[in-house]
């Protein structure tokens, strides 16, 4: 019995030793940490002078919008901006403004500006600037056609997909750049290193804020189309716009009134004077003065 144990003991030790060696070789080594410090020259060399900034190689790369063949990804959607103007002839400008405001609210849009003015010949005009969701823009235009007579309409659709994707990529790159600088700032040890890194952070943040502001404006223009509406009532007839028959009647009435005025002046002033002269002639004839005057001339 003891002999068997003595024979198996070397085998057991061999198996135990082989297991320890295998465990040591199979251990996974830890990755090299990015914790080593950077001197001021390395920090300063980490600057950017181009308009478009790109993160360091150690930072995660932004999601690619395009495939290697230059084609767009299926995730990309077309970005459109709708703008236009319209001149609408309506019966009542004030009521039309209220009606358009109600329709705009129903389409989840909003009225940006609204004015109403009384012009020459009491013709009332109005103007409105309406912001309408892009998906409701065409339906809103159709509704405007039922409100009155469209005298002029000009609609423009601009494709800003490329500009949108470009700004999106800039924001992603600048954000990664800023975050990488913050990681470097946490490892800086001297005041000079801290100031240099902070200067780069401020510069990148300024560029990021500028691009983000343009992106928000672009998104607002995409989300809401802009339509300028001019409202006017039918033109009022004036002396130049009345028909020929009415003008003849007006001229005849003016002439008739002028003739009556002339006759009135004639009968009031001339006729009494003639009557007085006739009476005076009869008196002189009766007294014989006219006969003696005739004899004297002969």
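The values are calculated or read from the model by the stated rules, or taken from the named source; none is laboratory data. Please read these numbers as outputs of a predicted model, since none were measured by experiment. Note: ideal-geometry Cβ built from the backbone for every residue, glycine included; neighbour counts use all protein chains shown.
Worth a mention:
- Some residue of the stretch 178-192 being at pLDDT below 80, surrounded by 10 or more Cβ atoms within 10 Å (Cβ to Cβ) and over 30 Å from residue 103 (Cβ atoms): no
- Taken together, 129, 105, 157 contain a single residue that is closer than 27 Å to residue 235 by Cβ, surrounded by fewer than 16 Cβ atoms within 10 Å (Cβ to Cβ), in contact with a strand residue (DSSP E or B) (Cβ under 9 Å, 6 or more places away or on another chain) and modelled with pLDDT of 90 or more, which is 129.
- Taking the stretch 79-136 as the range and being part of a helix (DSSP H, G or I) and within 30 Å of residue 160 (Cα to Cα) as the test, the residues that pass are 100, 101, 103, 104, 105, 106, 134, 135, 136.
- Residue match in the stretch 198-217 (condition: touching a residue at least 12 places away in the same chain (Cβ under 8 Å) and under 30 Å from residue 106 (Cβ atoms)): yes
- Residue that is nearest to residue 112 (Cα to Cα), among those in the stretch 215-245 that are modelled with pLDDT under 70 and in a helix (DSSP H, G or I): 244
- All positions within the stretch 187-207 that are farther than 17 Å from residue 175 by Cβ and part of a helix (DSSP H, G or I): 187, 191, 192, 193, 194, 195, 196, 198, 199
- Among (1) part of a helix (DSSP H, G or I); (2) touching a residue at least 24 places away in the same chain (Cβ under 8 Å), the one test that residue 155 misses: (1)
- Applying the set (1) part of a strand (DSSP E or B); (2) in contact with a helix residue (DSSP H, G or I) (Cβ under 7 Å, 6 or more places away or on another chain) to residue 171 leaves exactly one unmet item: (1).
- Unmet requirement for residue 183, which otherwise passes all of (1) closer than 23 Å to residue 105 by Cα; (2) in a helix (DSSP H, G or I): (1)
- Filter pass, residue 74 being surrounded by 11 or more Cβ atoms within 10 Å (Cβ to Cβ), out of contact with any helix residue (DSSP H, G or I) (no Cβ under 9 Å at 6 or more places or on another chain), modelled with pLDDT under 95 and not in a helix (DSSP H, G or I): no
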